[in-house]
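One structure below.
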Amino acid sequence: MKKFNWPLMSNNITQNDKEILIKFIKSSDKFTNGEKVKQFEKKWSQWLGVKYSTFVNSGASANLVSLKILSELEKNKSEVIVPAFTWSSDVVSIINSGFKPIFVDINLKNLALDEESVKKKINKKTAAIFLTHAMGFVGLSKNFLNYINKKKIFLIEDTCESHGINLNGKKGGTLGQISNFSFYYAHHMSTIEGGMICTNSKEIDSLAKMKRGHGLLRDSQNQKLINNVKSAYKDLNSDFIFFTEGFNVRNTELSAVIGIEQLKRLDANIRSRNKNHELFLKHLRKDIFFTDFDLKGSSNYALHLILKKKNKNLFKKIILALKSNSIEYRIGSAGGGNQLRQPYLKSIKKKYNLKNFTNTEHMHFYSLYVGNYPDLERNKIIKLCKVMDKINL
Ligand SMILES: Cc1ncc(COP(=O)(O)O)c(C=O)c1O
């Protein structure tokens, strides 16, 4: 694997994490979903400000379980509104749960769905808005949240790459009915692989806990439900009542041990990432790059180089400069840009005119990001900006 002078992520699993994990392995003989998972879920819920959390093996699993839950709660509705600029698992989970994805464009200011476009797509068939808080920006305004609450529209927040954002002091991941997080390696905190489903609803939480573990009733952590169902299904062995369609997307005690450690430094890490981002925006040339982000409440994920205007030659020069300075980058931002251009959506793409996705298309062709992580050196950020200064138009 190529070693970069500036990789997308560095040192996310620390020496201390490893030592704590080794100690746990030596002193324990239960490693699958158990007490440590419960502890991590409780601490995560406290940090986020929700009643319930379910630890799963990835953000993609969190997406899938959430949409499967939606399909049980909103049986008579068929559409889910989603931005074209998101991760594939958001769209795939919509399709796999029997819904039709309704794509909308994004805003460049926060890289999230365009609120006016969403308003136009809401109708009687709308089961939910599946919002992505992209790249550490807050993905919706207070007005829009009020609007969808008034209309009683189900909101699922994908906060997989935006841990710690807040809308007027209320954390992202607490604004809708369900939220999802990822703890994959490059995210704000990591359990190596991992994800979380969060909610304030006991009903949703019970469904999440069961769907995580094969749909088993005994995994629901809901004694009232267990008692009711047991007495209604006297012909079944009460240990093996598969109450809802489920999967096995459990995580392990080992990942939970890392998660508990990582959570202790999450806030400090978010502050460092935000400081790096501020420094980057201060020094980045404004003649060619878009820097007019809405930073209020953000929790930066990565440093963006988004061209203000379409210019293929200039974009090529930027890529060459990154390559020659051994800086890792991702074109099209997280998710590879416009989902509608991906082969898995080729039949759906036909129904859309990509010209109506101006900002998603711009991100697809004229944006990239480089990594931001807590111990990224200031001088590297300043050097990158100087390298960009030297690029001739
Ligand atoms: C917005 C978003 N949703 C979902 C996921 C999937 O998370 P995971 O990689 O943990 O499956 C990602 C992954 O980075 C993501 O960025």
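The values are calculated or read from the model by the stated rules, or taken from the named source; none is laboratory data. What you are looking at is a predicted structure, and each value in this text was computed from that prediction instead of being measured. Cβ placement follows ideal geometry from the backbone for every residue including glycine, while neighbour counts extend to all protein chains displayed. Ligands, DNA and RNA are excluded from the accessible area calculation, which covers all protein heavy atoms including side chains. Shrake-Rupley method; radii C 1.70, N 1.55, O 1.52, S 1.80 Å.
Looking at region 354-369, can you tell me whether even one residue there is crowded, with 18+ Cβ neighbours inside 10 Å, more than 16 Å from the ligand (Cβ to nearest atom), among the hydrophobic types (A, V, I, L, M, F, W, C) and closer than 30 Å to VAL80 by Cα?
Yes: region 354-369 contains one or more residues that are crowded, with 18+ Cβ neighbours inside 10 Å, more than 16 Å from the ligand (Cβ to nearest atom), among the hydrophobic types (A, V, I, L, M, F, W, C) and closer than 30 Å to VAL80 by Cα.
Would you check if there is a residue in region 313-323 being closer than 19 Å to ASN359 by Cα and within 28 Å of the chain's Cα centre (by Cα)? Show your work before the answer.
Going residue by residue through region 313-323, those that are closer than 19 Å to ASN359 by Cα are 314-315.
When the remaining residues are screened for being within 28 Å of the chain's Cα centre (by Cα), the result is 315.
Yes - at least one qualifying residue is present in region 313-323.
Looking at region 288-316, I want the residues that are within 17 Å of ASN392 (Cα to Cα) and have a partner that is acidic (Asp, Glu) with Cβ atoms under 8 Å, at least 6 apart or on another chain. Which pairs are those?
The qualifying pairs are LYS308/ASP287.
Could you list, ordered by first residue, the pairs with Cβ atoms under 8 Å in which the first is in region 111-122 and in contact (Cβ under 8 Å) with a residue 60 or more places away in the chain and the second is part of a helix (DSSP H, G or I), at least 6 apart or interchain?
Close Cβ pairs (under 8 Å, with a partner that is part of a helix (DSSP H, G or I)) amount to LEU111/ALA134; LEU111/MET135; LEU111/MET363; ASP114/ASN359.
How many residues, within region 251-292, are surrounded by fewer than 17 Cβ atoms within 10 Å (Cβ to Cβ) and not in a helix (DSSP H, G or I)?
6
Filter region 5-37 down to the residues that are within 30 Å of ASN379 (Cα to Cα) and charged (D, E, K, R) and list them by number.
Taking region 5-37 as the starting set, the residues that turn out to be within 30 Å of ASN379 (Cα to Cα) are 5-18.
Of everything in region 5-37, those that are within 30 Å of ASN379 (Cα to Cα) and charged (D, E, K, R) turn out to be ASP17, LYS18.
Residues that are small (Gly, Ala, Ser): list the strands (runs of 3 or more DSSP E) wholly contained in region 145-247 that include at least 1 such residues.
Values: elements: 154-158, 178-182, 195-199.
So the answer is 178-182, 195-199.
GLU161: within 15 Å of the ligand (Cβ to nearest atom), open to solvent by 10 Å² or more (accessible area, probe 1.4 Å) and closer than 26 Å to GLU245 by Cα, yes or no? Can you show your working first?
Values: within 15 Å of the ligand (Cβ to nearest atom): yes; open to solvent by 10 Å² or more (accessible area, probe 1.4 Å): yes; closer than 26 Å to GLU245 by Cα: no.
No; evaluated as a whole, the condition is false for this residue.
Residue under question is ILE260, and the condition is that it be among the β-branched types (Val, Ile, Thr) and away from the ligand (no atom under 16 Å from the Cβ); does it hold? Steps first, please.
Working: among the β-branched types (Val, Ile, Thr): yes; away from the ligand (no atom under 16 Å from the Cβ): yes.
Yes: the conditions hold for ILE260.
Condition first: buried (at least 18 other Cβ atoms within 10 Å of the Cβ), in contact with a His (Cβ under 6 Å, 6 or more places away or on another chain) and either in the same structural domain as GLN46 (by TED's automatic domain parsing) or of a type in the set (A, V, I, L, M, F, W, C) (or both). Can you find one or more residues in region 196-212 that meet it? Spell out how you get there, then give the answer.
Residues of region 196-212 buried (at least 18 other Cβ atoms within 10 Å of the Cβ): 196-199, 204-212.
Subsequent filtering for residues that are in contact with a His (Cβ under 6 Å, 6 or more places away or on another chain) retains none.
No, because not a single residue in region 196-212 is buried (at least 18 other Cβ atoms within 10 Å of the Cβ), in contact with a His (Cβ under 6 Å, 6 or more places away or on another chain) and either in the same structural domain as GLN46 (by TED's automatic domain parsing) or of a type in the set (A, V, I, L, M, F, W, C) (or both).
Could you count how many residues in region 78-97 are open to solvent by 10 Å² or more (accessible area, probe 1.4 Å) and either closer than 21 Å to THR358 by Cα or aromatic (Phe, Trp, Tyr) (or both)? So that I can check it myself, show each step before the final result.
Filtering region 78-97 for residues open to solvent by 10 Å² or more (accessible area, probe 1.4 Å) gives 78-79, 87-89, 92, 95-97.
Right, trim to either closer than 21 Å to THR358 by Cα or aromatic (Phe, Trp, Tyr) (or both) and you get 87-88.
Number of matching residues: 2.
Identify the residue in region 91-134 that is part of a helix (DSSP H, G or I) and closer than 21 Å to SER61 by Cβ and, among all such residues, is nearest to the chain's Cα centre (by Cα). Step through it out loud before you land on a result.
Of the residues in region 91-134, the ones part of a helix (DSSP H, G or I) are 91-96, 115-121, 134.
Adding the requirement that they be closer than 21 Å to SER61 by Cβ leaves 91-96, 134.
Details: VAL91: 13, VAL92: 14, SER93: 13, ILE94: 15, ILE95: 18, ASN96: 18, ALA134: 7 Å.
The selected residue is ALA134.
Inspect all residues belonging to region 49-70 and state whether any of them is among the basic types (Lys, Arg), free of Cβ contacts under 8 Å to residues at least 60 places away in the same chain and open to solvent by 40 Å² or more (accessible area, probe 1.4 Å). Give the steps one after another, and end with the answer.
Kept after step one, since they are among the basic types (Lys, Arg), are these residues of region 49-70: 51, 68.
Retained after the next criterion (residues that are free of Cβ contacts under 8 Å to residues at least 60 places away in the same chain): none.
No: region 49-70 contains no residue that is among the basic types (Lys, Arg), free of Cβ contacts under 8 Å to residues at least 60 places away in the same chain and open to solvent by 40 Å² or more (accessible area, probe 1.4 Å).
How do the helices (runs of 4 or more DSSP H) wholly within region 1-75 filter down when requiring 2 or more residues that are within 16 Å of the ligand (Cβ to nearest atom) and among the small types (Gly, Ala, Ser): which remain? Talk me through it step by step, then tell me what you get.
On the way: elements: 15-27, 35-48, 59-73.
Because the criterion is at least 2 residues that are within 16 Å of the ligand (Cβ to nearest atom) and among the small types (Gly, Ala, Ser), the helices (runs of 4 or more DSSP H) in region 1-75 that meet it are 59-73.
Any idea which of (1) within 16 Å of the ligand (Cβ to nearest atom); (2) closer than 20 Å to SER88 by Cβ is the one LYS351 doesn't satisfy?
Here LYS351 clears every test but (1).
Of the residues in region 199-243, how many are among the polar types (S, T, N, Q), touching a residue at least 12 places away in the same chain (Cβ under 8 Å) and more than 22 Å from LEU155 (Cα to Cα)?
4
Do the conditions hold for PHE137, that is, is it closer than 27 Å to ASN300 by Cβ, in contact with a Phe, Trp or Tyr (Cβ under 9 Å, 6 or more places away or on another chain) and either of a type in the set (Phe, Trp, Tyr) or not assigned by TED's automatic domain parsing to the domain that holds ARG250 (or both)? Explain how you work it out, then say what you get.
Values: closer than 27 Å to ASN300 by Cβ: yes; in contact with a Phe, Trp or Tyr (Cβ under 9 Å, 6 or more places away or on another chain): yes; either of a type in the set (Phe, Trp, Tyr) or not assigned by TED's automatic domain parsing to the domain that holds ARG250 (or both): yes.
So PHE137 passes the test.
Condition test on GLU19, is it open to solvent by 30 Å² or more (accessible area, probe 1.4 Å), in the same structural domain as VAL257 (by TED's automatic domain parsing) and out of contact with any Lys or Arg (no Cβ under 7 Å at 6 or more places or on another chain)? Can you show your working first?
Working: open to solvent by 30 Å² or more (accessible area, probe 1.4 Å): yes; in the same structural domain as VAL257 (by TED's automatic domain parsing): yes; out of contact with any Lys or Arg (no Cβ under 7 Å at 6 or more places or on another chain): yes.
For GLU19, the condition - open to solvent by 30 Å² or more (accessible area, probe 1.4 Å), in the same structural domain as VAL257 (by TED's automatic domain parsing) and out of contact with any Lys or Arg (no Cβ under 7 Å at 6 or more places or on another chain) - is met.
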